[in-house]
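These notes are about the structure you will find just below.
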Amino acid sequence: MFVRKIMTALAVTLGMTFLAPALIVDSASAAAPVAVRTIYYDASGAQEFKAAVDEGAEAWNKAVPVIQLKQATGTQATIKVYADDGWPRTMSNGFGRGTIYMGRQAVTDGFYPPRIAAHEIAHALGLPDNRNGRCDYLMSGHSSPTSCKTTTPHETEAAQVTRNAGGKFPATLSRPTVYVDCYQF
């Protein structure tokens, strides 16, 4: 009888592991597993920039293992991406929530669309602009040269998004934050 209870408990426990969210180990603390946060984005309105948005999302997926940006459409998506003729901008309404406009003006000026997408996604992940002019920082925005093609977040940017994903950035904001390249309103 005792063995049967143990076997039943073990079977239930093993069966339940398939229902648990994916876990990873936080590099800052090997003992602290962290649930992966899935963030859905809809780039169906991004027109010619859809592939650039997918590339920008993939750059964040590789750099920050605690998040997983996935394509979705409709109400499941908490980040919506559109194309227009203005300057790229993001209206962020909390971690993993916002509206991104892939403005054609920056592309006309010579900036690389996948880098623009990765930069704008970062705003929806809680990062502000950083006008340091360095190509190795996504958040340098238009202060970096147009020759800059990197979409990989700097390690400090990735670390901040990791912290934000762990609850260091509000899930929703009382008032949306608007980012227009290097200008925050």
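Under the 0.36 nm per residue contour assumption, what length would be gained going from the current alpha-carbon distance of Thr177 and Gln71 to full extension?
35.8 nm
Test of understanding: ordering Ile100, Ile79 by Cβ neighbours within 10 Å, fewest first, what list do you get?
The order, fewest Cβ neighbours first, is Ile79, Ile100.
Testing the spin-label approximation: label points 7 Å from Cα along Cα→Cβ at Asp84 and Asn132. State their distance in nm.
About 3.1 nm, to one decimal.
In percent, how large is the relative contact order of the stretch 37-184, given Cα pairs closer than 8 Å and 6 or more residues apart?
So the answer I get is 26 percent.
Pick out, in residue order, every one of the trypsin sites (Lys or Arg not before Pro) in the stretch 84-124 that is DSSP loop and has at most 14 other C-beta atoms within 10 Å; say none if there are none.
Details: sites: Arg89, Arg97, Arg104, Arg115; in loops: Arg97.
When the trypsin sites (Lys or Arg not before Pro) of the stretch 84-124 are filtered for loop state and at most 14 Cβ neighbours within 10 Å, nothing remains.
What list of whole percents do you get for P(r) of the stretch 37-184, with Cα-Cα distances grouped in 10 Å bins up to the one holding the largest distance?
Per 10 Å bin, starting at zero, the Cα-Cα P(r) for the stretch 37-184 comes out as 13, 49, 35, 4 percent.
Ranked by Cβ crowding within 10 angstrom, fewest neighbours first, how are Phe49, Phe111 ordered? List each step's numbers first, then the result.
Working: Phe49 27, Phe111 22.
By the 10 Å Cβ count, ascending, the order reads Phe111, Phe49.
List the residues whose amide H sits under 5 Å from the amide H of Tyr82, counting only those 5 or more places along or on another chain, with H placed 1.01 Å from N in the peptide plane.
Under 5 Å from the amide H of Tyr82: Ile100, Tyr101, Met102.
Just rank Met139, Met91, fewest to most, by other beta-carbon atoms within 10 angstrom.
If I rank by nearby Cβ atoms, fewest first, I get Met91, Met139.
A short reminder: the numbers here are calculations on the coordinates, not readings from a lab. Since the model is a prediction, treat every value here as computed from it, not as a measurement. Cβ coordinates were reconstructed from backbone atoms using ideal geometry, including for glycine residues, and neighbour counts include every protein chain displayed.
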